[in-house]
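Input: a single structure, listed below in structure tokens.
The values are calculated or read from the model by the stated rules, or taken from the named source; none is laboratory data. Everything numeric here is computed off the predicted structure, so don't read it as measured data. As a convention, Cβ positions derive from the backbone with ideal geometry for all residues, glycine included, and neighbour counts pool all protein chains shown.
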Amino acid sequence: MLSRCFVLFVGMVVGGFFSGTPLRAQNWADKMFKVQSHDFRTVGRGAKAEFHFELTNLYEEDVHIAAVRSSCGCTTPSVTKDTLKTHETGAVVATFNTSTFVGKKGATFTVVFDKPYYAEVQLKVSGYIRTDITFDPPEVAFGEFRSGKPQERDVVISHTGNSNWRITDVRSHCSNLKVSLGQPELSPGLVRYRMHVTMQEDVPEGEIQERLTLISNDRSFPTTEMAISGRARAALSVSPAAVTLGSTSADAVVEKRLVVKGDEPFSVKEVVCDDKRFTFEVPVGSKKLHFVKMKFEGDGQAAQISQTIRIITDLPGDPSADCIVTGTLSAK
């Protein structure tokens, strides 16, 4: 499961420099990626197999992906967002083409950046596509759902060619998943299992990209992977989730507007920030959508800004929504 956190850059970034060294002189593009290789391991024929190579813009300049090339048709690349502003996060998505390729496959993606400077990053994927195992549906897709409500899906797993094949265990790194497996249904040359998968109500909010590992008695290929996807939506959200004040003078006045949205009507009780240079106009009334006006007044002191704005509501349990504010204040 993807981690759900904001990645903040706390070092000085001024005029194309990163930690005091010219940006163009460094391996700046590689530093934005969390990982640069992924093994799909063993997957079934036609199964959905995707991996998101996450990257975060650590710099003040906009970052632009001009192109992504793949060395093999077995894996198709795409991008979730080709332009990333400061602190924004995106991904290069690798899709393993399990319906048209079989056997051991691998590919290298070349990600080409043209802004703020030219750079290339190499991303590598590999895996093995089996022809004797299929999943119906091809992935455990929960779609978008409200966090706090359990979600259930059923999957049929079929294995052809060996009536003695058995699943001995199902594993996952996701502690919020619960899996139950029925007894094997046998017919000549076919073994079929019905699997029930539950995403429990305590799943954290955010994107879900996980996988189940089926353990079998097949000594040649003891494990097979199955993708799990979805998005747990918060009962309360604030947009934008990350706000930048940009590079501005230390005595500047900056105003922004935050949009707070909930599934049920609610009132905003309080807006909290440790930095007293921030003030807020709290809306009144109870409704599903509120606008919170934020004002920052500099005190003349040069500094880096990195603050959490917390909006507290009257919904049951007093849930809150957080927004990160960053910026650079420079003395005249």
| note | Over the stretch 272-292, the set of residues within 30 Å of the chain's Cα centre (by Cα), of a type in the set (K, R) and over 15 Å from A321 (Cα atoms) is K287
| task | Report whether or not T279 is surrounded by fewer than 17 Cβ atoms within 10 Å (Cβ to Cβ) and at pLDDT 90 or above. | result | yes
| remark: Picked from the stretch 193-225 (must be among the polar types (S, T, N, Q) and more than 30 Å from V238 (Cα to Cα)), the residue surrounded by the most Cβ atoms within 10 Å (Cβ to Cβ) is T224
| task | Quick one: which residue in S306, S267, S249, S320 is loosely packed, with under 14 Cβ neighbours inside 10 Å and of a type in the set (S, T, N, Q)? | result | S249
| query | So which of K295, K256, K276 is touching an Asp or Glu at 6+ places or on another chain (Cβ under 6 Å), over 20 Å from A235 (Cβ atoms) and not β-branched (V, I, T)? | reply | K295
| field | Verdict on D154 being out of contact with any helix residue (DSSP H, G or I) (no Cβ under 6 Å at 6 or more places or on another chain), over 30 Å from M32 (Cα atoms) and of a type outside the set (G, A, S) | value | yes
| request: Those residues that are in contact with a Gly (Cβ under 9 Å, 6 or more places away or on another chain) and exposed (fewer than 15 other Cβ atoms within 10 Å of the Cβ), I need them from the stretch 90-124; list them, please. | output: S99, T100, K104
| query | Just wondering, is there one or more residues in the stretch 283-295 that are of a type in the set (G, A, S) and in contact with a Lys or Arg (Cβ under 6 Å, 6 or more places away or on another chain)? | reply | no
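To keep it simple, each residue is scored yes or no on (1) under 20 Å from V125 (Cβ atoms); (2) of a type outside the set (D, E); (3) out of contact with any Ser or Thr (no Cβ under 6 Å at 6 or more places or on another chain); (4) not assigned by TED's automatic domain parsing to the domain that holds Q122.
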site: Y59; (1), (2), (3), (4): no, yes, yes, no
site: H64; (1), (2), (3), (4): no, yes, no, no
site: S71; (1), (2), (3), (4): yes, yes, no, no
site: C74; (1), (2), (3), (4): yes, yes, yes, no
site: K105; (1), (2), (3), (4): yes, yes, yes, no
| Restricting the first residue to the stretch 120-139 and requiring it to be under 16 Å from R211 (Cβ atoms), which pairs with a second residue that is buried (at least 17 other Cβ atoms within 10 Å of the Cβ) and of a type in the set (S, T, Y) meet a Cβ separation below 7 Å and a spacing of at least six or different chains? | V125/T75; Y128/T42; I129/T98; R130/T42; R130/T224; I133/T224
| Close pairs (6 angstrom Cβ cut-off, 6 or more residues apart or separate chains): without any contact (Cβ under 8 Å) to a residue 40 or more places away in the chain in the stretch 160-183, among the basic types (K, R) anywhere | G182/R194
